[in-house]
Every structure is written in C-alpha cells, then in structure tokens.
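S.K.: Here it is, the structure in full.
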C-alpha cells in the first residue's frame, strides 16, 4: 500500500489514537521534511555541519514513520556530508516527495 512509510510502525510508535498521530505526522511533514528540502542551499553554501544536524534530526522522524530505507540513507549522509550527500541528492529528493504524499494519504485515512 505504501512504498516508504509503514503504518504498522506508525501505530507501534504513536499508538492508535488519531488525535496523537495527526499532530505528530503533521510535525514531520512541516518540520523534518521541510528541512530536508532545504539541504541543497546549505550544502551549496558549504554549511556541511548544518546539513549534518538537519539530517541527524530527520533520522528519528523517518524511524517514527517506518521509512527505514530513507533513514538508512540519512545515516550514510550524516557520516560524510561533503562526499555522500551529492551522491544521494536525487534519491533523497525522490524519497521526500514520496513520504510527503504517503503521509498525506495516511492522514486522510484517520478518522
């Protein structure tokens, strides 16, 4: 049903209360995914430490939504931002768009 997120993991971490799940997932979308969208400009400015910090913060969020492959990619980027980030830009951007769509779809299923 979902390519990257895993609803069972979401329920495992956040329980089955839509009143708790909705704000947490909205926070992931509005904070973590938005920050990941901004990595290019930070990288282009040579601000690798800020990229590393944002990637580090996003790893937990990817764990909460069950996006384990994206979390793994972020772990690799965090280890060596100047060399690994450029190799993963395209894949990371694709994952971000998929996760945004899937979280929106999932939120639509909550009552």
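We did not get these values from a lab; they are worked out from the coordinates using the rules stated. This one's a predicted model, so the numbers in the text were calculated from it and none came from an experiment. Note: ideal-geometry Cβ built from the backbone for every residue, glycine included; neighbour counts use all protein chains shown.
S.K.: Could you work out how far the C-alpha centroid of region 56-96 sits from that of region 1-54, in angstrom?
M.R.: About 10 Å separates the Cα centre of region 56-96 from the one of region 1-54.
S.K.: From the helices alone, meaning DSSP H stretches of at least four residues, give me the mean residue ellipticity at 222 nm for the chain, per-run term -39500 (n - 2.57), in deg cm²/dmol to the nearest 500.
M.R.: Values: 7 runs with 86 residues, N = 111.
Using -39500 (n - 2.57) per qualifying helix, the result is -24000 deg cm²/dmol.
S.K.: Related question: Between residue 105 and residue 72, how high is the FRET efficiency from 1/(1 + (r/R0)^6) when r is the Cβ-Cβ distance and R₀ = 22 Å? Nearest 0.05.
M.R.: Numbers: r = 23 Å, r/R0 = 1.03.
E(calc), rounded to 0.05, equals 0.45.
S.K.: Any chance you could give the angle, 0 to 90 degrees and rounded to 10, that helix 18-27 forms with the longest Cα principal axis of the chain?
M.R.: Relative to the chain, helix 18-27 is tipped by roughly 20 degrees.
S.K.: How long are the three semi-axes of the equivalent ellipsoid for region 64-111, computed from the Cα gyration tensor as the root of 5 times each eigenvalue, in whole Å, largest first? Intermediate values should be presented prior to the final figure.
M.R.: Values: eigenvalues 135, 24, 6 Å².
In descending order the semi-axes read 26, 11, 6 Å.
S.K.: Additional query: Let me have the relative contact order for the chain, percent, based on Cα pairs under 8 Å that are six or more residues apart.
M.R.: On the way: 101 pairs, mean separation 43.3, N = 111.
About 39 percent, as a whole number.
S.K.: Against the longest principal axis of the chain, how steep is helix 68-79, in degrees 0 to 90 to the nearest 10, with axes from Cα atoms?
M.R.: 30 degrees
S.K.: Okay, moving on. When the Kirkwood hydrodynamic radius is evaluated over all pairs of different C-alpha atoms of region 1-44, what value in angstrom, to one decimal, is obtained? It would help to have the intermediate numbers written out before the result.
M.R.: Values: mean 1/r = 0.0834 Å⁻¹.
Hydrodynamic radius (Kirkwood, Cα only) of region 1-44 equals 12.0 Å.
S.K.: If R0 is 30 Å, what FRET efficiency do you get for residue 22 and residue 89 from their C-beta distance, rounded to 0.05?
M.R.: Working: r = 31 Å, r/R0 = 1.02.
The computed FRET efficiency comes out at 0.45.
S.K.: Counting just the Cα atoms, what span does region 37-82 cover along each of its three principal axes? Round to the nearest Å and put the largest first.
M.R.: 31, 18, 13
S.K.: How far is helix 48-64 tilted off the main Cα axis of the chain, in degrees rounded to 10, range 0 to 90?
M.R.: 20 degrees
S.K.: Still on this structure, I have one more. Given bins 5 angstrom wide, list per bin the percent of all Cα-Cα distances in the chain, short to long.
M.R.: Answer for the chain: a P(r) of 2, 13, 25, 24, 16, 10, 6, 3, 1 percent.
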